[in-house]
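Structure record follows, encoded as structure tokens.
The values are calculated or read from the model by the stated rules, or taken from the named source; none is laboratory data. Fair warning: this is a prediction, and the values are worked out from it, not measured in the lab. Cβ: placed from backbone, ideal geometry, glycine included. Neighbour counts: every protein chain shown.
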Amino acid sequence: MLVFLIIGGIGIALLVVSLLLGEVLDGLFDGIGGDLFSGAALAGFLGVFGFAGALTLSLTDSVGLSIVFGLLAGGVVGSLTGWATLKLREGGDEANVRTGDLVGSKASVVTAIPEGGYGEITLVVAGHITRLNARAPGPVQSGAAVTITAVLSATAVMVEADLPSNPYPYP
């Protein structure tokens, strides 16, 4: 049982070192599975293999069964850890907010837009609250819903007020 506990302890120690210092085994496993096999995956495998093996040995007194159960449990956790670290390295689908991509987006007026002048609008793009200067063909009151129709500069857009829907279409 002591051997299983030592292996589990090595796995936990390797995980703590990886968390504190970064990927200490970076590049060591490049020929064995690429980015899926990482130091965190190895640490997860060793930790679960050791502790699951020790638990199984204490319950069954069978070294063979302890090794098999430790390998299965460690393999599952190591695979999931490798997959999770791979997805974290790849990053998400977040993107830089570009003003040119905003045409057609809905926004709301924060500062009233006077005729021939600028006001401010706000909208949420890719999870970011974006505030832009806005111009409109006519005056638009604060709080109104607008649609961006054109880009004037990196910080200014042309908008058009959305017409409110009529809840009573028939007279």
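The table below gives the values:
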quantity: Residue satisfying all of: in the stretch 71-120; in a loop (DSSP other than H, G, I, E, B) and at pLDDT below 85; nearest to I12 (Cα to Cα) among these; calculated: G91
quantity: Qualifying residue in the stretch 148-160 (condition: polar (S, T, N, Q), modelled with pLDDT of 90 or more and within 30 Å of G8 (Cβ to Cβ)); calculated: no
quantity: Which numbered condition P137 fails, given (1) free of Cβ contacts under 8 Å to residues at least 24 places away in the same chain; (2) in contact with a Phe, Trp or Tyr (Cβ under 6 Å, 6 or more places away or on another chain); calculated: (2)
